[in-house]
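The structure under discussion appears below in the form of structure tokens.
The values are calculated or read from the model by the stated rules, or taken from the named source; none is laboratory data. The shown structure was predicted, so the numbers you read here are calculated from the model rather than taken from an experiment. Please note: Cβ atoms are built from the backbone with ideal geometry, for glycine as well, and neighbour counts cover all protein chains shown.
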Amino acid sequence: MERNIKERVFLLFSKKVVNYPVTATLIKRKNVMVNILKAEIMPNEDGYMLVDVEGRKKDIEDAKLFLKQKGVSIFHVSEKVIIHEEECVHCGSCTGVCIPGALYLDKNHRLKFEPQKCILCTLCRETCPTNAIEIIG
């Protein structure tokens, strides 16, 4: 029996797509569970959603294909958050505001990032004293 997996993805909707019930269709027809973590969707405007998609690997791939066919751009969180190592001083300021624990200092006091925990709140970027954290998009 195939195990369920979970992927955290950032969905970018063009204003042409935003009025179509994408999330409902995914849940109803594509056999995946969708947990919306963060969203900004307005009628007739570009919008985005940060979601966890859970299901069998085949069903998740089918759901992503459906999204792409509908014109939704898909990004993994690791593609949205960039930590500039050459600028980071590993002070831990960002870890203090990272509510889900996506940023932490390892035993050698080096900054580590776990994108599967990130909710793209941008608090880390705002707190970083050296501007070493960049959020794309």
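Couple of notes before you dig in:
- Scanning the stretch 100-137 for residues that are within 16 Å of Cys88 (Cα to Cα) and charged (D, E, K, R) returns Asp106, Arg110, Lys112, Arg125, Glu126, Glu134.
- Which listed residue is surrounded by fewer than 14 Cβ atoms within 10 Å (Cβ to Cβ) and in a loop (DSSP other than H, G, I, E, B), from Gly101, Gly96: Gly101
Yes or no, residue by residue, for (1) outside any strand (DSSP E or B); (2) touching a His at 6+ places or on another chain (Cβ under 9 Å); (3) not β-branched (Val, Ile, Thr):
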{"residue": "Asn31", "(1), (2), (3)": "yes, no, yes"}
{"residue": "Asn35", "(1), (2), (3)": "no, no, yes"}
{"residue": "Ala39", "(1), (2), (3)": "no, no, yes"}
{"residue": "Ile60", "(1), (2), (3)": "yes, no, no"}
{"residue": "Leu65", "(1), (2), (3)": "yes, no, yes"}
{"residue": "Val89", "(1), (2), (3)": "yes, no, no"}
{"residue": "Cys121", "(1), (2), (3)": "yes, no, yes"}
{"residue": "Glu134", "(1), (2), (3)": "no, yes, yes"}
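- Taking the criterion of being touching a Gly at 6+ places or on another chain (Cβ under 8 Å) and of a type in the set (Val, Ile, Thr), the residues of the stretch 18-43 that qualify are Val18, Val32, Ile41.
- Considering only residues in the stretch 51-71 that are of a type in the set (Gly, Ala, Ser) and under 19 Å from Phe13 (Cβ atoms), the one that is nearest to the chain's Cα centre (by Cα) turns out to be Ala63.
- Flag if Val17 is assigned to a loop (DSSP other than H, G, I, E, B), out of contact with any His (no Cβ under 7 Å at 6 or more places or on another chain), surrounded by 14 or more Cβ atoms within 10 Å (Cβ to Cβ) and of a type in the set (Val, Ile, Thr): yes
- For the stretch 107-119, the criterion of a residue being among the β-branched types (Val, Ile, Thr), in a helix (DSSP H, G or I) and not assigned by TED's automatic domain parsing to the domain that holds Leu12 is satisfied by no position.
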